[in-house]
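Structure record follows, encoded as structure tokens.
Each value in this text was obtained by applying a stated rule to the coordinates, not by laboratory testing. Predicted, not measured: the structure shown is a model, and the values here were computed from it. Methodologically, a virtual Cβ is constructed for each residue, glycine included, from the backbone with ideal geometry; neighbour enumeration extends over all protein chains shown.
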Amino acid sequence: MTIKKLALPAAGILVAAVVVVLLVGLPGGDDAAGLKIEGQVQNFAVGDRPGPDTEWRTGDGGKVSLADFSGKVVMVNFWATWCAPCIRELPSINRLQATLGGEDFTVVAINIDTGGKAVAAPFAKRLEIDDLDLYLDPRGSASRAMGVNVMPTTVVYDRQGQEVGRLEGGAEWDSPEALALLRWFINNSG
Amino acid sequence: MKTESSILRWGRWALSPALRTLSAGVVGASILSSPASAQDAASPWVTYDQGRARLVSATQNAAGDLLLGLQYQIAPGWEVYWRSPGDAGFPTTIDWTGSENLDEPILQWPRPHRFQIFEIETFGYQDEVVLPIAARQARQDEAVALRAAVNFLTCREICVPHTLSMAFDLPAAGTDGPVISEFAPLINTYRAQIPPRDGGRGLTVERAEVVNANGGQLLQVVARSDVPFSAPDVYVEGPDVFSFAAPTFRLSENGRRAVLQASVSRTALAGNDGPVLLGSDLTLTLVDGERAVEQTLATTLGQAESAAFLPFAAILALALLGGLILNVMPCVLPVLSIKLLGVVSHGGGERGPVRRSFLASAAGIVFAFLVLAGALAGFRAGGAAVGWGIQFQQPLFIVVMTVLITLFAANMWGLFEIRLPAWLGGGVGGVSNNPHSASGSFASGVFATILATPCSAPFLGTAIGFALARGPVEIFSIFLALGLGMAAPFLLVAAIPHLATKLPRPGRWMLVVKKVLALALVGTAVWLLSVFAFQVSLEAAYFLAAMMVVVVAVLFVRPRLPARVRPVAVAAVVLLAVGSFAAPQLGQAVSQEAAGDESIWQPFEPDAIPQLVADGKVVFVDVTAEWCITCQVNKKLVLTRGASRTLLASPNVVAMRADWTSPDEGIARYLASFGRFGIPFNVVYGPVAPNGLSLPELLKERVVIDTFRQAAGSDLLANDS
């Protein structure tokens, strides 16, 4: 009998909730059409700002900058051998590059160890990072210019080299949520 | 996580080391101009987003020796690293630039804890720690100015490097002498947690051994404690290229002895010519609860003390099964067949004799295994290198076996009327009219067991290796299980004699079966001769073969001789048999080069392997022996054909063959280093597997190819050239 008594108010509250949700919009996630920020990448912070004019090194010592990747959506990941969460996520970033890397998208994984290539290359080799090119920033100029404060930090730039968002902390970058997020930027980057 | 990272976003950490140094310089300089009050005997707290830190002093003034401390108060869940951070992280370092009147500050390290960050082993501190700093006042009558740029990393789900500047002054003590500060107890509490070097606290590391097991390496640490261990752990510091997993431990001797095993991996492939773990110095911090000691010692080659891989019960079951399978192995089959023939002759027999006969055979088998166990345990206690099938390395043993087999064959062929080994049971040279006498059956059980040994490797290698690595109790238990396994069919017939009486009745066909079995025995004798030829010399083998032919011939003509000459024939057979024992004297092992066309094989030089691997070669080691049937099977079916052969012959591969046909201490030790005591044994070394990947006893081409690929590795980092 109490159930019956409660049934009507409960139904009322439910209907009201549905109406409120419809009016206000579903909480979380969707700020732009179709962009979902959830699961592995739930801490991804969307925010536009110009990409810095900074340089880092290739494994062979060549200079490289964001401009070299113009036309592609670029995911810059900073890692170091001393950073356990970086080491943890690096294999997933390697798989991400294998899955999504190409004409429209590339991962740029930059190692910031002071020891440079001598430290980073064998380490990457042990982790079987074979789909990613080795990039180095032993003096920290690029990481500083990109405003990196914690490790790992991953910054996404659009085809024009404009920052569209960043994630501080680790993630499984080949998870469906991460792939969906990056595909959204690929499809919505003019 | 979310709140954590949004808080962190407000931080102003200098990330790159260059920037860290820069900011340290700037901030340090600003603090220099306004040092903290000296009376505090501490610098002000420097707060960072995951905690705070300061410098403290055990004295309010400076009087010669200084005892300082770097005090961290760390936010929950965050870690600051030990002097060896483990597989990721970096330790605190202090740059004392700008300090005055300060000599030789040395950072010291209290006992850390083991933390797993994302399954990565790290060592460090949480919540609170004081790193003691021993230093000296350079000039006695002057104040000390402490200026520290403290560089450290703190990690939780993310890592944040920091450089903090701390400063304060200590006035000269003058004639008053040192005045203890409020921080002295705190610093001393943590100083007491610094693991003393080389023992103390009732803890000792007895030895550190490198054990090759399951295709990888284990570091095995044997430690003792005055009071029982609770949960011992060992933190290993050695050449950078090695990474040590968290160890498993096993306690014995009422918990006062611990064996810890940690698997070893190489952290970097840059230096394949880099250090080898065996023989390198390791600093071990042995930790048990609140107690810890530090010892530096060189690793030695060891044997897996607790094969933590299979529980004892599983090993016993394996031994039981292995014993059962032995019945159908080629070495034993003739003996078993003869036994079955005996059953057939019992075709219409009564149950009693059948039961007794089979029980006796089973007892013989079990007895023989126990004798073997006793011998092995004895040898082992005596420190001898023990290997399974080792008796086949003794030429005299082979002569005995050859003579026995030949007589056995002649008997089966019907040349004479001793049912072998009746000489064991029915009196010397006498004729046992009851071949199924208890003693005869017992002897045939013993005989079958001895013949079984060389066939046992593929099924029993694990169990026997395990037994030999353990104490006498394990050896006897496992050999008992082996014996019971092999005796199982006999026991079955003994339990249900009905089975035996169901067999067909004796008849002419039995004579045919007997001759076939006689041929099988001749085959076994020829195999023994080939072992003998390889081991001693071809001439010796021919001599032995000739003796046997004459024995058979004498036995053949004996019934045709006049009755009074027959005893002479018997004497001749005995003489010939005894004379055969001279065979080993004929020519000593000169047959090593009998390898024939197998030019790809190089002699076994374990010491040369690291260099070859460093040069980018893949090294294949085959430990083999003429008496090892499984080895011959591997050779014929895998190593000398198809892709394996191509692999072995390729220029980048060095094939080494270790011949264990004759006893060899070096090879025995080499096997032991992998926890093996029997052969066949094959290992592949390569740039990715400098410590070697061992192959299963029975080789398959697929496995050989895969292991080669695994050991050789492949190009991993695209632009790393």
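What is the percent of Cα-Cα separations in region A:30-107 that go past 20 Å? So the portion of pairs separated by more than 20 Å is 49 percent.
Rounded, prolate or oblate for region B:68-170? Axes are the square roots of the Cα gyration tensor eigenvalues, ordered a ≥ b ≥ c, and the cut-off for rounded is a/c under 1.5. Prolate, since a/c reaches 1.5 and a/b exceeds b/c. Peptide packing for B:237-247, A:45-55 was compared via the average number of neighbouring C-beta atoms within 10 Å per residue; ordered from the highest value, the list is B:237-247, A:45-55. Which GluC sites (Glu not before Pro) from region B:82-164 combine a DSSP loop assignment with at most 16 other Cβ atoms within 10 Å? Answer in residue order: B:Glu119, B:Glu142. For region A:92-190, the fraction of C-alpha pairs more than 20 angstrom apart is 40%.
For region B:595-712, the convex hull drawn through the C-alpha positions has a volume of 94 cubic angstrom per residue.
Volume per residue for region B:203-301 equals 90 cubic angstrom (convex hull of Cα atoms).
Highest average first, the peptides B:399-412, A:91-104 ordered by how many other beta carbon atoms sit within 10 Å of their residues are B:399-412, A:91-104.
Is region A:88-143 best put as rounded, prolate or oblate by its Cα gyration tensor, with a ≥ b ≥ c the root eigenvalues, rounded for a/c under 1.5, and otherwise prolate when a/b is larger than b/c, oblate when not? Taking the square roots of the gyration eigenvalues as a ≥ b ≥ c, region A:88-143 is oblate. Note on B:His113, B:His162, B:His498: ascending count of other Cβ atoms within 10 Å places them as B:His498, B:His113, B:His162, the fewest first. With a 10 Å cut-off around each Cβ of A:116-127, the average count of Cβ atoms from other chains is 5. Sorted fewest first by neighbouring Cβ atoms within 10 angstrom, A:Met75, B:Met486, B:Met656 come out as B:Met656, A:Met75, B:Met486. Each of B:Thr646, B:Thr524 was scored by other Cβ atoms within 10 Å of its Cβ. Listed from fewest to most, they are B:Thr646, B:Thr524.
Considering only B:Ser650, B:Thr624, B:Ala608, and ranking their Cα positions along the charge dipole of region B:595-712 that arises from unit charges at the beta-carbon of Lys, Arg, Asp and Glu, the one farthest toward the positive end is B:Ser650.
Relative intensity of region B:110-197 on a log10 scale, I(q)/I(0) at q = 0.22 Å⁻¹, equals -1.28, per a Debye sum over C-alpha point scatterers of equal strength in the absence of solvent.
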